[in-house]
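Coordinate-derived values only; no laboratory data. Predicted model, so just to flag it, every value in this text is computed and none were measured. Cβ atoms come from the backbone with ideal geometry, glycine included; neighbour counts cover every protein chain shown.
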Amino acid sequence: MKAKRIFSLLSSTLALFLSGCSVAILNTTPETLPRSASGLYTLSARVALTDSLVNRTSLETFVVIDGETHRMMPHPDGGGFYEYVYSLPASRSQTRYYFEMQYQLHKDNTPDKNQKAQTSLNTLRIVAPNPTSSASHNNILRVIPSSIDLRSGQRQALVFELTQPAPSGGFPILVTTDIPQSIIMPKVFIPAGARTASISVQGDRPGAGKLFIQATSQKEIVIPVRVR
């Protein structure tokens, strides 16, 4: 399914503006994520430049997790999104973090001293998956989480899990929605021999609806979606 990518204007209530309003950082990480078997979780943020004097080549984006600083990488789709994949021990159910950006301003056509902006402290909570509404005893496929609640611009991981390895040729999954203006998502395919695949869905325009997930010989799975 193709959906038109529209990056909405970010409300000032969703971002923290520092350093003379030159840079805005929007936290697009969900407040909770389902526990991953791999222990890997993606923290993401969107950066918007609000001052034409910012030297773009000087931008460096970091996430500080439990006091440790990690460099973030730009998302392949662009749009000012940055991500960092964090490994959280299975014994822990939450972690605290904030985003930080370092940059320079042009002054008299030359780079000025380093500037810094950062968000407030946030908490990421890891919860046990709740697949009850997205699986049945006749299905070999389940989807986690069983519902999606996003802010505009926010990303959420959606995990597809088979009870047995995908057959030769792989396991294609068709995902459609009745609110294409509100949700942006890639195609889904579980490779041969694999049991899981995950995608990142993104909230666009505010709206409420459903994702409809279909696969060969499987009962349709319906995931409620809300974008605020």
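Brief remarks on what is shown
- Pairwise label distance in nanometres, residue 205 with residue 122, each label 7 Å out on the Cα-Cβ vector: 2.5
- Highest mean first, the peptides 115-122, 24-31, 141-148, 170-177 sorted by other C-beta atoms within 10 Å per residue fall in the order 24-31, 141-148, 170-177, 115-122.
- Size of electric dipole in the range 16-127: Cβ of Lys, Arg +1 and of Asp, Glu -1, about Cα centre, debye, nearest 20: 220
- Potential lengthening between residue 192 and residue 107 on full extension [0.36 nm per residue; Cα-Cα distance subtracted]: 25.1 nm
- Our estimate of slack between residue 222 and residue 35, defined as 0.36 nm per intervening residue step minus the Cα-Cα distance, is 65.2 nm.
- Separation in nanometres of the label points that stand 7 Å from Cα toward Cβ, at residue 164 and residue 49: 5.4
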